[in-house]
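Take a look at the structure below.
The values are calculated or read from the model by the stated rules, or taken from the named source; none is laboratory data. Please read these numbers as outputs of a predicted model, since none were measured by experiment. Positions of Cβ are generated from backbone atoms using ideal geometry, with glycine treated the same way; all protein chains shown enter the neighbour counts.
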Amino acid sequence: MVGTCRDETVFFSLFGPPDIFGVDEAGLRTRLSGTYQGAELDRIIATFRRSRPGATPAQVYFAITTSPIWRDAIKIAEAKAAQRAAPVFMYQLAYPDPTLVPGTTFPLGSPHASDIPLKFANTPSDARPGQRAAARHMSALWAGFAHHGRPTARDVPRWPAYTPKDRATMWIDADCRIVKDPDRSERLFWTNR
C-alpha cells in the first residue's frame, strides 16, 4: 500500500506564521519563487489553476508544494508494480477536515499525519460523522490488507491493484471511491517538464 494525504504540506505550515493561509496571488508567486522562476513558475501556477478551478492562491500553493510528495508515492508504486512480486494498492486520504487552522479561515483539509489516527479508527468523541466514516473505512481497509493481503472493507468499492496503465487510486473519504490517475494534468506537467 502506497499513498499520501491530499494536503500534506499544510501540516508543515502550521508551525510558522499563519500568513501563508491567506496569501494572495502576488504572495503565491513570492512563496514559490525560491524554487521556481520565470516562465517555469508561470506554467506551474497555470497548470494547477486549470486542474483546480476555484482554488484560492493558498490552496494552489499547498497543491504545488504537496505534489512532490505525491510524485514520490507514484514512483514507489510504479517500481513495486514493475517488480510483479505482489499487487500494489495506491491511495490518497482525501477527507477534508473542515477544522480551521488557528487564527485563519483556512480549513485544515487532509494534512500530513492526519491519516495516522484514521488508520487506527482513533477519532475524538466529538468527531464529525464524515471523519468517523473515513476512519472506519481506512482502518477496515488496513485490517483487510493485513488479514487477506488485499485491502477490503464493507461499504467501500473493490480496490483494484495499481498499474501505470490505469493508475487506480482509492480516494479515502466518508464516501470512498476509485479515481483513475488523480490529478493527471499535474502528473503529466512534471513528467514532461
Qualifying residue in the range 145-152 (condition: surrounded by 16 or more Cβ atoms within 10 Å (Cβ to Cβ), small (Gly, Ala, Ser) and more than 23 Å from Thr65 (Cα to Cα)): no
Answer yes or no as to whether Thr47 is in contact with an Asp or Glu (Cβ under 8 Å, 6 or more places away or on another chain), at pLDDT 95 or above and among the polar types (S, T, N, Q). yes
Quick check: is even one residue across the range 138-151 touching a helix residue (DSSP H, G or I) at 6+ places or on another chain (Cβ under 6 Å), more than 25 Å from Leu28 (Cβ to Cβ) and assigned to a loop (DSSP other than H, G, I, E, B)? yes
Got a number for residues in the range 118-130 being touching a helix residue (DSSP H, G or I) at 6+ places or on another chain (Cβ under 8 Å) and either among the β-branched types (Val, Ile, Thr) or within 13 Å of Ile172 (Cβ to Cβ) (or both)? 4
How many residues of the range 24-61 are over 21 Å from the mean Cα position of the chain (by Cα), aliphatic (A, V, I, L, M) and within 26 Å of Pro102 (Cα to Cα)? The answer is 1
Considering each of Arg132, Arg187 in turn, give the residue that is of a type in the set (Lys, Arg), out of contact with any strand residue (DSSP E or B) (no Cβ under 8 Å at 6 or more places or on another chain) and farther than 25 Å from Arg52 by Cα. Arg132
Which residues, counting only those in the range 159-173, are over 14 Å from Arg84 (Cβ atoms), touching a helix residue (DSSP H, G or I) at 6+ places or on another chain (Cβ under 9 Å) and of a type in the set (Phe, Trp, Tyr)? Trp159
Taking Arg154 as the residue in question, decide whether it is more than 27 Å from Ile74 (Cβ to Cβ), part of a helix (DSSP H, G or I) and out of contact with any strand residue (DSSP E or B) (no Cβ under 6 Å at 6 or more places or on another chain). no
Residue that is farthest from Ser67 (Cα to Cα), among those in the range 81-136 that are acidic (Asp, Glu) and buried (at least 16 other Cβ atoms within 10 Å of the Cβ): Asp97
